[in-house]
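In what follows, a structure is listed as C-alpha cells, so that the remarks can point back to it.
We did not get these values from a lab; they are worked out from the coordinates using the rules stated. Because the structure is a prediction, the values reported are computed rather than measured. Quick reminder, even Gly has a Cβ in these numbers, built from the backbone with ideal geometry, and neighbours come from all protein chains shown.
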Amino acid sequence: MNKLIKKFRWYYLVIALAIGLFSFKASDNYFEISKNLELYASVMREINTYYVDEIDAGKLNKKAIDEMLKTLDPYTNYISEAEAEDFRYQMTGQYGGVGSQIAQKDDYVVITDPYEGYPAQKADLRAGDIILNIEGKDTKGKTTSDISKLLKGQPGTTVKLVIKRNGQEINKTVTREEIKVKNVPYYGLINAETGYIKLTGFTNDAGKEVREALIELKKQNIKQLVLDLRGNPGGLLNEAVNIVNVFIPQGQQVVFTKGKVSEWDKSYETPNGATDANIPLVVLVNRGSASASEIVSGTVQDLDRGVVIGQRSFGKGLVQSTRPLNYNTQIKITTAKYYTPSGRCIQALDYSHRNEDGSVGALPDSLKKEFKTKAGRKVYDGGGIDPDIKVEQKPYSQLAQTLIFKMVIFDFATDYRNKHESIGDAKAFTLAPADYEAFKKFVDTKDIDYSTQTEKQLADLKKKAEQENYFDAIKDSYETMKNQLKHDKQADLDKNKEELVSLIEEEIVRRYFYQKGRTEASFAHDLDIQESLKILADPIKYKATLSPISAKK
C-alpha cells in the first residue's frame, strides 16, 4: 500500500510540475506582451509630445502593425476600418459599382474589361475607352485606385462619365448596381463531348455555381469534364469542400486543419450527395493555383477521382480566420495548416524558420514526405500539388512580353473593334493574313524597345568583365556578337507570328464576347487543354494514370 501511495505521489508531482511549467511559460509570455505594449505606448507618447513635426498617429500605428505582421507570413493582415469594404469584396465578390476592370495607360485610366450583363456593358462602355472625366472632374493623373473609388457607390445611383473613343469624346451616364463577380465566369463545350468549367474564385456560392454549371453541361450530353483552376488564388475553405462535393459522394473527408488551439482543429467532409461521382474529370492547375484551389485539386488527386494536369501549384497550405478588433477594425490571422485526405500539407514555404536576411526558403526535396492516394499512388507534401501529367509551358518571347506590357496588342484590338462591327463566332474567329500585316505596320508606329534574353546575358557579361578588368581582352569579340544579335523588329514579328496571332485573336474576341469569348478563343492553342483532350479521349490511359502501377513507372 505504501508503495502504491508513493507511486501516486510521484505521478501527482510530475503533473504538478508540468502544470507549473506551463503556467510559468504562459505567465512569462503575458509578461513579455505587457512589457512591450507599455514600451510601445511610451514610444508613441514621446513621439507625439516631442517630435519636431506633427504626426499622424493612426498612420504611424498602422505602419507599425503592418511591419510587425510582415515578420509572420504574408497572409496575416491588419484590416483598418477604411479597408473593410475592400476586404468584404475579397470575401464575397460583391460591391456597388459599374462592373468593369480598369488599367493605367499614360496619363489616364482606361476600361479594360467590362463585365457582361453589368452596368458598364449595358451602357456600351468598351475596352479601350479612355476615362477623361467623372462627375465634371478631370481625371488626368488619377490612379486606378482613385478612379475605382469614384466609380463605386450605392446601387441605384448614377455616375456621369466623359470617355474618349476613336478620337471622339462621348458622354455616358451609368447606373450603378450591386456587382457580384461570378466564381464561374464561363462554362461551355470544348468539343461535342467535353464540358469545360472555368473557376476563378472561392467566394460565397462557388460550389453552387460549379454544380449548376455541370448540370447545364450534362443537359448538352457531355461525357467528360475539364475543371480549370489555373490562376485561382483560393478563398473560402467551405466552398472548396462544396466544389469537391460536386464530384465526391457524401461523407468523404476533404480536408482537415491543425493549429495551436487544438479545440479549433476540424475535419471537413462532403455534406451532400455528389452531382456526378463518375464523369471522367481533368483538373487544370498552374503556379497561380493556390489555397482552396489546392484543396480541390489535392483531394481529387488523393481520392483518384480525376487526373490533375498542368504545372505545380503555388503551395499555400495555411488557413486564415478573421477576428474582430476595437474601433471596427479586424485582423486576418493564420490559425492553422490544412491537410488533404492522404495526410499531406502542401505548404511550400516555412515562415517560422526564416534565413538570417529575413527571406523564407522552400522545403528541400530531401525533407518532403511520401503519402499514398486512395489507390496507392505516391504523392508528396511540402510544395504544392504536383500534377499527374506535367505540361511544359513555353514562356512568351521578349517581343510578346513587351507588346503586352506596353498595351500595343490591347490598342490594336481596340482599333480593330472600332473598324469592325462584328466578327462571327468566337471559337471560329481567325486573324486574316492581311490583318497581321496591318498589325506589323501598327507596331512600327509604336515606340517599343526591348532586349532578348541573349542580349541581356551579353550585357551582364560585359558588366562582369569590366568589374574584373577582362573587358579589353574580349572587346572585339563582344562587339561582333552584339552586332550579330542585333534584332530587327519586323523580322521578330515574323519569327514570333504564331505566338502573337493567338494573343491578338484572344484580345479581339474579348472585345465582342467579353471574358467568355477570350476563353473560347484560347482553346485551340492552350497546351493544357490539348493534353486534357488527349487523355480524356483515351480511357485506358486515363485509368492507368490513376493506378499505382502506372505511378511507379
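Observations on the structure shown:
- Extent of segment 94-180 along its three principal axes (Cα atoms, max minus min coordinate, largest first): 30, 22, 20 Å.
- Taking amide H as placed 1.01 Å from N in the peptide plane, LYS372 has its amide H under 5 Å from the amide H of VAL379, each at least 5 places away in sequence or on another chain.
- For segment 358-438, the list of chymotrypsin sites (Phe, Trp or Tyr not before Pro) that fall in a loop by DSSP and count at most 13 other C-beta atoms within 10 angstrom is empty.
- For VAL308, the residues whose modelled amide H falls within less than 5 Å of its own, excluding neighbours fewer than 5 places apart on the same chain, are VAL283, ASP388, ILE389.
- Both the radius of gyration and Dmax for segment 131-247 are 19.7, 55 Å, in that order, over alpha-carbon atoms.
- Segment 186-390: translational diffusion in µm²/s, Stokes-Einstein, Kirkwood Rh over Cα pairs, 4 °C, 1.567 mPa s: 74
- Prolate/oblate/rounded label for segment 371-512 (Cα gyration tensor, a/c 1.5): oblate
- Note that segment 199-253, at 10 °C in a medium of 1.306 mPa s, gets a Stokes-Einstein diffusion coefficient of 133 µm²/s from its Kirkwood radius over C-alpha pairs.
- Two-decimal Rg/Rh across the chain, once Rg and the Kirkwood Rh are taken from alpha-carbon atoms: 1.02
- Simple spin-label estimate for ASN61 and GLN220 in nanometres, 7 Å along Cα-Cβ: 5.4
- Amide H to amide H distances under 5 Å link ASP113 with GLN101, where only residues 5 or more positions off or on other chains count and H is placed in the peptide plane.
- Qualifying trypsin sites (Lys or Arg not before Pro) for segment 203-309 [loop in DSSP, other Cβ within 10 Å: at most 10]: LYS219, LYS260
- What separates the Cα centres of segment 404-425 and segment 142-185 is a distance of 21 Å.
- Distance from segment 297-340 to segment 486-525 (C-alpha centre basis), Å: 34
- Gain in span if fully extended, LYS164 to ALA428, counting 0.36 nm per residue against the direct Cα distance: 92.0 nm
- Spin-label model, GLU479/LYS369: points 7 Å from Cα along the beta carbon direction are separated by 6.3 nm.
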